[in-house]
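The values are calculated or read from the model by the stated rules, or taken from the named source; none is laboratory data. Predicted model, so just to flag it, every value in this text is computed and none were measured. Reconstructed Cβ throughout: ideal geometry from the backbone, glycine too, with neighbour counts over all protein chains shown. Accessible surface areas use protein heavy atoms only, side chains included; no ligands, DNA or RNA. Shrake-Rupley method; radii C 1.70, N 1.55, O 1.52, S 1.80 Å.
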Amino acid sequence: MAKSLPPLTWFRAFDAAARNLNFTLAADELGLTQSAVSQQIRALETRLGTPLFLRRPKGLALTDAGRRLVPDVAAAMARLQDATAALLPATGTDVLTVATSVSIAQWYIAPRMAALQKALPGLRLRLITAVWQDEFSAAEADVEIRFGSAEVAGRGATPLGSFDLVAVAAPALGGRWETVASLPLIQPVGVTETWARILRQSGMTQDIEPAIFTDSHGLAVDLALSGAGVALTSAIIAAPALADGRLVDLGPARIRGSEGYFLAVSDPGNAPAVAFADWLRAAIMSR
């Protein structure tokens, strides 16, 4: 059985660090934090079983193994870039590229597209939906809407609404916190505040495991709407369904999360990007 390759994001971090010989400059290039790049390099070195850089007070230097790896990685990244460019649709400079969490696209952008077109007439939009951080790094977008901690959101990103979590379910399942222990639990992955943690804090002693795990808050809300159980999910994503009564909030109080949605505009001088960001903020804050 063939041994699995390290993740592409590790190689991208290595390629940027090898060209810049500086983790901070590599992070700026990739739209990540310096610590994220450093962690990815460490992970690659651990997987390969050899150091790739010498960490010196005045900067980085490649080891012999790092120098051997550089040309192959650089060539592979160039081939991937060429292959991707060949498949992308031709777009002009007047097309606004937005890389967004799939949940924000699902619950805020798509349902309000007609309103967006009315507010920003003539806007040409390319939407790229993503879940994980490496998917955003490859997008090269004018606007990014990510979910995660402040550390992984990247420089220039600002919170998009609250970090609150809510426990939501379809009205037919009952609207009381006391019913939670008897319902299937729906848990988005990639969050610090899990069902196990919340139930312990609320005094419940039962060892209850989630029945369903999802990779996005939007899917957790969809499952709750279908009656599949009670979802511990982002208050921002649940807000539209709570507002029109399709979901009810079972929690005794809102839970402050450690992660949330962040928005970043790559060029503050890009007027359409700023206008889109302002429109989206207003749409979310109106809930």
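Brief remarks on what is shown
Condition check ((1) more than 22 Å from the chain's Cα centre (by Cα); (2) free of Cβ contacts under 8 Å to residues at least 40 places away in the same chain; (3) farther than 22 Å from residue 268 by Cβ) across all residues:
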{"position": "40", "(1), (2), (3)": "no, yes, yes"}
{"position": "45", "(1), (2), (3)": "yes, yes, yes"}
{"position": "48", "(1), (2), (3)": "yes, no, yes"}
{"position": "52", "(1), (2), (3)": "yes, yes, yes"}
{"position": "64", "(1), (2), (3)": "yes, yes, yes"}
{"position": "109", "(1), (2), (3)": "no, no, no"}
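- Answer residue from the range 189-244, given it is of a type in the set (Val, Ile, Thr) and in a strand (DSSP E or B) and is nearest to residue 163 (Cα to Cα) among those: 233
- Breaking point among (1) closer than 30 Å to residue 35 by Cα; (2) open to solvent by 40 Å² or more (accessible area, probe 1.4 Å); (3) of a type in the set (A, V, I, L, M), for residue 212: (1)
- Selection status of residue 221, at pLDDT 90 or above, open to solvent by 20 Å² or more (accessible area, probe 1.4 Å), within 30 Å of residue 97 (Cβ to Cβ) and touching a strand residue (DSSP E or B) at 6+ places or on another chain (Cβ under 6 Å): no
- Identity of the residue in the range 259-286, touching a helix residue (DSSP H, G or I) at 6+ places or on another chain (Cβ under 9 Å), in contact (Cβ under 8 Å) with a residue 60 or more places away in the chain and in a loop (DSSP other than H, G, I, E, B), that ends up surrounded by the most Cβ atoms within 10 Å (Cβ to Cβ): 259
- Single residue of the range 1-25 satisfying the filter (small (Gly, Ala, Ser) and within 18 Å of residue 46 (Cβ to Cβ)) that is most open to solvent (accessible area, probe 1.4 Å): 4
- Yes/no for residue 100 being outside any helix (DSSP H, G or I), modelled with pLDDT of 90 or more and within 30 Å of residue 236 (Cα to Cα): yes
- Scanning the range 240-257 for residues that are in contact (Cβ under 8 Å) with a residue 60 or more places away in the chain and acidic (Asp, Glu) yields a total of 1.
- When the range 249-258 is filtered for residues that are open to solvent by 40 Å² or more (accessible area, probe 1.4 Å) and either basic (Lys, Arg) or in contact with a helix residue (DSSP H, G or I) (Cβ under 8 Å, 6 or more places away or on another chain) (or both), the ones remaining, listed by number, are 249, 252, 254, 256.
- Restricting the first member to the range 115-141 and to residues that are at pLDDT below 70, and the second to residues that are surrounded by 15 or more Cβ atoms within 10 Å (Cβ to Cβ) and among the charged types (D, E, K, R), the beta-carbon pairs closer than 9 Å and six or more apart or on different chains are 133/146; 134/12; 136/144; 136/146; 137/12; 138/12.
- If you filter the range 180-195 down to residues that are open to solvent by 20 Å² or more (accessible area, probe 1.4 Å), in contact (Cβ under 8 Å) with a residue 12 or more places away in the chain and over 22 Å from the mean Cα position of the chain (by Cα), you find that the one that is nearest to residue 110 (Cα to Cα) is 184.
- For the range 34-43, the criterion of being at pLDDT 90 or above, among the charged types (D, E, K, R) and either surrounded by fewer than 18 Cβ atoms within 10 Å (Cβ to Cβ) or in a loop (DSSP other than H, G, I, E, B) (or both) is met by at least one residue.
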